[in-house]
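No value in this document is a laboratory result; all are computed from the given coordinates. Just so it is clear, the model here is predicted, and its values are computed rather than measured. Cβ: placed from backbone, ideal geometry, glycine included. Neighbour counts: every protein chain shown.
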Amino acid sequence: MKAMLLRRPAPVEQSPLELVDIPVPAGGEVLVQVRACGICHTDLHTVEGEIAGKLPVIPGHQIVGIAGGQRVGILWLHTTCGACDFCRTGRENLCEQARFTGLHVDGGYAEFVSARAGFLVQIPDGFEDAQAAPLLCAGIIGYRALRLSGIQPEQKLGLYGFGASAHIAIQIARHWDCEVFVSTRSAGHQQHARELGATLEMPEDSLDAAVIFAPAGELVPIALRALRKGGTLALAGIYMTPIPELPYERLYHERAIRSVANATRGDARQLMELAGKIPLRTEVQTFPLADANRALLALKRSEIRGAGVLVV
Ligand SMILES: [Zn+2]
Ligand SMILES: [Zn+2]
């Protein structure tokens, strides 16, 4: 099969992913023929070495494919132990033994991928393969970040960064009748946010909750300034540059900062249900599998409107 393989992390400008022809994976529980695989900031962090798993590795963890004649989705969460304290209390996203797709095991930048039967999700009807792919991480993480931010219907929400995850999260928040404010540097992303109902001027001291999607620690004090008393700032990324020192009064009055780590299969099921019901509309830019380096570079440069997806 054809696959995009990472042997050694490097800046994506150097095209570290190599198109290879390798045997179809054997020995896993379910063999899935890949139709589409979304690209994610986590893939970029993997390719550039900011997070480390196995090497060589095939990245990609927002996979829509066919197994046993059925369309299935594969998630970032490849497997958990099922027995630890976290697994037994509904927090399998924090499992000590968790293994992740496209990091610890080969992922979906390939024609075939092997997955665990219990970790496949159903994809709602009405979504083309490429449109469904970004739901599988960008959508789920956006949804979990909203939940952990504590945002309630009709409240004021701030989003920092407006890529794949935020363009889905805003649709959920608007469905809940929230007023949504977006801060993003890219003119294209600003335009997209406006089209989806965002206000681009961040208010001071008045957001009930905010989510930072951009991996930029310097946004934390900025976002705290927009947050009202008692508000929560959720950090949605797996990686972030260091957070600058901040005066305590920025945080005081029970403002909270919390990270969002991975997601559970429960989050996935809930998001898929919402996706069909709202219905969510994902905007995608597709690339051929062999152009994965170019796709990740476009992601790094904030040049993708909505979500990037490799079509296999
Ligand atoms: Zn566990
Ligand atoms: Zn992801």
(request) Quickly estimate the mean residue ellipticity at 222 nm for the chain, helices only: each DSSP H run with n ≥ 4 gives -39500 (n - 2.57), and the total goes over all residues, rounded to 500. (result) -7000 deg cm²/dmol
(request) DSSP loop (so not H, G, I, E, B), at most 16 other Cβ within 10 Å: list which GluC sites (Glu not before Pro) in the range 1-57 pass both filters. (result) 29, 50
(message) Between the range 119-134 and the range 1-46, what is the separation of their alpha carbon centroids in Å?
(response) 20 Å
(message) Give me the tail of P(r) for the chain as a percent: Cα-Cα pairs with distance above 35 Å.
(response) 16 percent
(request) Could you list the chymotrypsin sites (Phe, Trp or Tyr not before Pro) in the range 158-190 that lie in coil according to DSSP, counting only those with at most 16 other Cβ atoms within 10 Å of their Cβ? (result) 176
(message) Using a Förster radius of 22 Å, what is the FRET efficiency between residue 85 and residue 251 based on their Cβ-Cβ separation? Nearest 0.05, please.
(response) 0.15
(request) Report the residues of the range 146-178 in range of a label on residue 200: point 7 Å along Cα→C-beta, backbone N strictly under 20 Å from it. (result) 157-171, 174
(request) Restrict the search to the range 90-144; then list the GluC sites (Glu not before Pro) that DSSP places in a loop and that have at most 15 other Cβ atoms within 10 Å of their Cβ. (result) 96, 128
(message) Quick check: Cα centre of the range 167-215 to Cα centre of the range 230-304, how many Å?
(response) 12 Å
